[in-house]
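The values are calculated or read from the model by the stated rules, or taken from the named source; none is laboratory data. The structure presented is a predicted model; accordingly, all values stated were derived computationally and were not measured. Here Cβ is always computed from backbone atoms with ideal geometry, including for glycine, and neighbour counts include all displayed protein chains. Keep in mind that these areas ignore ligands, DNA and RNA; they rest on the heavy atoms of the full protein, side chains included. Shrake-Rupley method; radii C 1.70, N 1.55, O 1.52, S 1.80 Å.
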Amino acid sequence: MRREALGTALALSGMVIYGLEPVVIKSNPTSPISFAALSALVASLILWTAVGWSGGLDEIRENPSGIKSAFLVGFFGTALAYLAYSFGARMSTAINAALITRSEVLWSFLLSWLLLGERITKRLVAYSLVILTGLVLIMVPGHSVELRLGDLLLLLVPLFWQLGHVIAKRLPYSPQTIAALRNTFGFLLLLPLAAASGLEFSGFVIAEGLVIAAGQLVWYGSIKRINLSKATAIITPAPAVAIGVSVLLGETLTFYHVVGFALITAGTLGAIKVKSAIKTEGTP
């Protein structure tokens, strides 16, 4: 029970941290690819400091075979996900980007069921649908979502995230080591593209690096303790945090905001109560 409670608390912390990320990204005045590469570098430097402080270098020396899998986490979770998001958002709309990437919880159900053997209960599916309904009300009130090529790229973003998470969940490393390796490999993969498009630095790179480092530490700590599908359901309302911050900064609070936040809160509280479990023989 203590493991479940701690994993749930970490996922909730991640929801708040990642909810602040869109505010930082939106404020960035530099090239998106350069911003992603340098932010990954800053995050990796912070995380390697944490690894060295905790003695985490020993676990890499003892289990060097995990480095190949960690590379794949950086490849899917950072490099491919960011490229798909960057180009997808440019070819689509901000509203579509916010909505479509929230399909992550559905990718999580599919991959964690197929690859991790996690049991997806009807209750967790129902609560996640409530969360998604709330997000739709907040992000697209009165608007229709028109499918386009950019939307298809955006649909791949949460798939890449979840592929990285599935691999990370099985790594024999601590959360700080996984996050450090992910961002290091992500930086190295994005660096050639960033250099080709022109490296640009801004103070928001430091802010984003801090968000990435803190967010991934609590996220990997969470999925090491509870089901990936449950952790994803809990973190799904993260974009609503950004909307809440915008309201506090003076934007208008609408009826859709109120109802949406109510649904998101109800769905999140319900998902928290669902206990993590693994499929047994004969269980679909």
Specify which of the listed residues (PHE109, PHE76, PHE87) is part of a helix (DSSP H, G or I) and touching a strand residue (DSSP E or B) at 6+ places or on another chain (Cβ under 9 Å). PHE109
Can we say ALA81 is of a type outside the set (Ser, Thr, Tyr) and farther than 15 Å from ILE206 by Cα? yes
When you go through LEU217, LEU210, LEU248, LEU228 one by one, which is the residue that is out of contact with any helix residue (DSSP H, G or I) (no Cβ under 8 Å at 6 or more places or on another chain) and at pLDDT 75 or above? LEU248
Exception for SER222 within (1) crowded, with 19+ Cβ neighbours inside 10 Å; (2) of a type outside the set (A, V, I, L, M, F, W, C); (3) more than 13 Å from the chain's Cα centre (by Cα) falls at (3)
Are any residues in region 93-148 of a type in the set (Ser, Thr, Tyr), open to solvent by less than 30 Å² (accessible area, probe 1.4 Å) and either at pLDDT below 75 or in contact with a Phe, Trp or Tyr (Cβ under 8 Å, 6 or more places away or on another chain) (or both), and if so, which ones? THR101, SER103, SER128
Applying the selection to region 241-260, what residues are open to solvent by less than 60 Å² (accessible area, probe 1.4 Å) and in a helix (DSSP H, G or I)? VAL241, ALA242, ILE243, GLY244, VAL245, SER246, VAL247, HIS257, VAL259, GLY260
Would you be able to say whether some residue in region 37-60 is among the acidic types (Asp, Glu) and over 29 Å from ALA196 (Cα atoms)? yes
Please identify the pairs in which a residue from region 195-211 that is in contact (Cβ under 8 Å) with a residue 40 or more places away in the chain has its Cβ atom under 8 Å from the Cβ atom of a residue that is among the small types (Gly, Ala, Ser) and open to solvent by 40 Å² or more (accessible area, probe 1.4 Å), counting only partners at least 6 apart or on another chain. PHE204/SER27
Lone unmet requirement of (1) under 30 Å from ILE131 (Cβ atoms); (2) polar (S, T, N, Q); (3) touching a Gly at 6+ places or on another chain (Cβ under 8 Å) for SER34: (1)
Considering residues of region 40-56 that are touching a helix residue (DSSP H, G or I) at 6+ places or on another chain (Cβ under 6 Å) and open to solvent by 50 Å² or more (accessible area, probe 1.4 Å) only, the residue farthest from GLY209 (Cα to Cα): TRP48
Would you mind finding the one in VAL247, VAL211, VAL258, VAL205 that is within 12 Å of the chain's Cα centre (by Cα) and over 23 Å from ARG3 (Cα atoms)? VAL211
